[in-house]
Amino acid sequence: PRSYSVTLLPGDGIGPEVVSVAKDVLSVAGSHEGIEFRFRVMPIGGVAIDSVGVPLPEETLAAAKESDAVLLGAIGGYKWDGNEKHLKPETGLLQLRAGLGVFANLRPAAVLPQLVDSSTLKKEVAEGVDIMVVRELTGGIYFGKPRGFGTNDKGEDTGFNTEVYSASEIDRLARVAFEVARKRRGKLCSVDKANVLEASMLWRKRVTMLASEFSDVQLSHMYVDNAAMQLIRDPKQFDTIVTNNIFGDILSDEASMLTGSIGMLPSASVGESGPGLFEPIHGSAPDIAGQDKANPLATVLSAAMLLRYGLGEEKAAKRIEAAVMETLNRGFRTGDIISTGMTLVGCKRMGEEVLSSIDSQKALT
Ligand code: NAD
Ligand code: IPM
Ligand code: MN
């Protein structure tokens, strides 16, 4: 059998609950395709702060780098919110992304036919939406310097950050986005704030220059405020969106609500080389943690992305996606996507139903 090492980073809050489900799904889907996984569980985020003293222990980054792919649950929680920056769970996640060099974050948001009624938008607006957000992940205001706290000339406290992008950072991300768009419906919308921000002016210039290498892709530009509005007004106008780190963070959460719940949205983060990082776009959901209420499907679908983009195991990825569809067809819903006539289940049970959907596929083939 083909054998891969996968680093599991369950993290905080609902992270361990959803990763536990996704791990079992990976194992079972893999076994049907002759794939064997060696899992290694490592601490990150709040649990790492509590056990090792830092949000990203050296051993965790080393294990992640040595493995074939990394699956993360979520990090963060009230307990650590008041910590200094270098001791925040979120800092550990940013260090992991930077450490792995995963600059391109793919966040698909597709409205599944089974969940049209879970969308807060009208059926005719939500139906058929299929968007891929390509978010820059290792630059921009999240990492830009100077940053910090200071004092202004009136003696007032200040806090400051810097939005900065180099041409090469924009180019490598734009290339990924053009490639993604080319394999989809051939439309790429670059979202920026080039009417105000220099970093966005350079962004627009570089993306426009690169378009000549991808003449089969239709490129358009949109300001981020308009994009936020257009996503709700007429989301079907979008195919692939490419944008910076912070706009991508915000627009992907917004796009998640087209699909019914943030609990459904997976992501894949990839770099030039080395293992990819796969994680749901949601956080640690402290309000429902430890109650077996979390929707594990975002993480299960992230495991499918791990197989597709991280390991090139397309058939196993398709198995997982088909099993998720089948589980929804059979009427199982966690609380975040429940609608009338459906069966309310918890996180664990949802996982068991996905596993049984995978097993029934085997009987069919
Ligand atoms: P969140 O995504 O954790 O939760 C927002 C809302 O969505 C909550 O009501 C939550 O219950 C719900 N939700 C999220 N995931 C769900 C799921 N799988 N199933 C059902 N409902 C789900 O965002 P937040 O509350 O703003 O942040 C909580 C913590 O998570 C913070 O510490 C934040 O920094 C962190 N965070 C981490 C990540 C990450 O690890 N990648 C992402 C976002 C936020
Ligand atoms: C996400 C999260 C993170 C981000 C935080 C927790 C650092 O919101 O993965 O979307 O802003 O990238
Ligand atoms: Mn986010």
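Taking residue 323 as the residue in question, decide whether it is closer than 17 Å to residue 361 by Cβ, of a type outside the set (Lys, Arg), touching a residue at least 12 places away in the same chain (Cβ under 8 Å) and in a helix (DSSP H, G or I). For residue 323, the condition - closer than 17 Å to residue 361 by Cβ, of a type outside the set (Lys, Arg), touching a residue at least 12 places away in the same chain (Cβ under 8 Å) and in a helix (DSSP H, G or I) - is met. In the stretch 48-128, counting only helices (runs of 4 or more DSSP H) that sit wholly within it, the ones holding 3 or more residues that are crowded, with 23+ Cβ neighbours inside 10 Å span 89-100. Specify which of the listed residues (65, 23, 122) is away from ligand 2 (no atom under 14 Å from the Cβ) and touching a Gly at 6+ places or on another chain (Cβ under 7 Å). Being away from ligand 2 (no atom under 14 Å from the Cβ) and touching a Gly at 6+ places or on another chain (Cβ under 7 Å) holds for just one of 65, 23, 122, which is 65. Look at residue 199 and say whether it is in a helix (DSSP H, G or I), modelled with pLDDT of 95 or more, out of contact with any Cys (no Cβ under 7 Å at 6 or more places or on another chain) and under 19 Å from residue 109 (Cα atoms). So residue 199 does not fit the description; no. If you go through the stretch 251-288, how many residues are under 14 Å from the mean Cα position of the chain (by Cα), outside any helix (DSSP H, G or I), within 8 Å of ligand 1 (Cβ to nearest atom) and not hydrophobic (A, V, I, L, M, F, W, C)? Final tally of qualifying residues: 6.
Among residues of the stretch 276-325 being closer than 25 Å to residue 3 by Cβ and within 16 Å of ligand 3 (Cβ to nearest atom), the one that is surrounded by the most Cβ atoms within 10 Å (Cβ to Cβ) is 299. Here the stretch 231-250 is the region considered, the condition is being farther than 16 Å from residue 171 by Cα and within 14 Å of ligand 1 (Cβ to nearest atom), and the residue that is surrounded by the fewest Cβ atoms within 10 Å (Cβ to Cβ) is 250. Would you pick out the residues in the stretch 123-174 that are in contact with a Ser or Thr (Cβ under 9 Å, 6 or more places away or on another chain) and without any contact (Cβ under 8 Å) to a residue 12 or more places away in the chain? Of everything in the stretch 123-174, those that are in contact with a Ser or Thr (Cβ under 9 Å, 6 or more places away or on another chain) and without any contact (Cβ under 8 Å) to a residue 12 or more places away in the chain turn out to be 149, 150, 151, 152, 157, 158. Just one residue in the set 91, 60 is modelled with pLDDT of 95 or more, hydroxyl-bearing (Ser, Thr, Tyr) and under 18 Å from the mean Cα position of the chain (by Cα); that residue is 91. On inspection, residue 52 fails the criterion of being touching a residue at least 24 places away in the same chain (Cβ under 8 Å) and not basic (Lys, Arg). In this structure, does residue 76 turn out to be within 12 Å of ligand 1 (Cβ to nearest atom), without any contact (Cβ under 8 Å) to a residue 12 or more places away in the chain, out of contact with any Leu (no Cβ under 7 Å at 6 or more places or on another chain) and among the small types (Gly, Ala, Ser)? Considered against the rule, which asks whether it is within 12 Å of ligand 1 (Cβ to nearest atom), without any contact (Cβ under 8 Å) to a residue 12 or more places away in the chain, out of contact with any Leu (no Cβ under 7 Å at 6 or more places or on another chain) and among the small types (Gly, Ala, Ser), residue 76 comes out as no.
The rows are residues; the columns are (1) of a type in the set (A, V, I, L, M, F, W, C); (2) under 22 Å from residue 94 (Cα atoms); (3) away from ligand 2 (no atom under 14 Å from the Cβ); (4) at pLDDT 95 or above.
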position: 248; (1), (2), (3), (4): no, yes, no, yes
position: 251; (1), (2), (3), (4): yes, yes, no, yes
position: 272; (1), (2), (3), (4): no, yes, yes, yes
position: 280; (1), (2), (3), (4): no, yes, no, yes
position: 285; (1), (2), (3), (4): yes, yes, no, yes
position: 294; (1), (2), (3), (4): yes, no, yes, yes
position: 299; (1), (2), (3), (4): no, yes, no, yes
position: 319; (1), (2), (3), (4): no, no, yes, yes
position: 335; (1), (2), (3), (4): no, no, yes, yes
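From the list 238, 214, the one residue that fits, being away from ligand 2 (no atom under 16 Å from the Cβ), on the phi < 0 side of the Ramachandran plot and without any contact (Cβ under 8 Å) to a residue 40 or more places away in the chain, is 214.
Can you find a residue in the stretch 252-267 that is acidic (Asp, Glu), touching a residue at least 40 places away in the same chain (Cβ under 8 Å) and more than 22 Å from residue 101 (Cβ to Cβ)? Write out each step before concluding.
Here is the first cut: in the stretch 252-267, the residues acidic (Asp, Glu) are 253-254.
Filter again for touching a residue at least 40 places away in the same chain (Cβ under 8 Å), leaving none.
No: the stretch 252-267 contains no residue that is acidic (Asp, Glu), touching a residue at least 40 places away in the same chain (Cβ under 8 Å) and more than 22 Å from residue 101 (Cβ to Cβ).
The values are calculated or read from the model by the stated rules, or taken from the named source; none is laboratory data. Fair warning: this is a prediction, and the values are worked out from it, not measured in the lab. In this analysis, Cβ positions are derived from the backbone assuming ideal geometry, glycine residues included, and neighbour counts consider all displayed protein chains.
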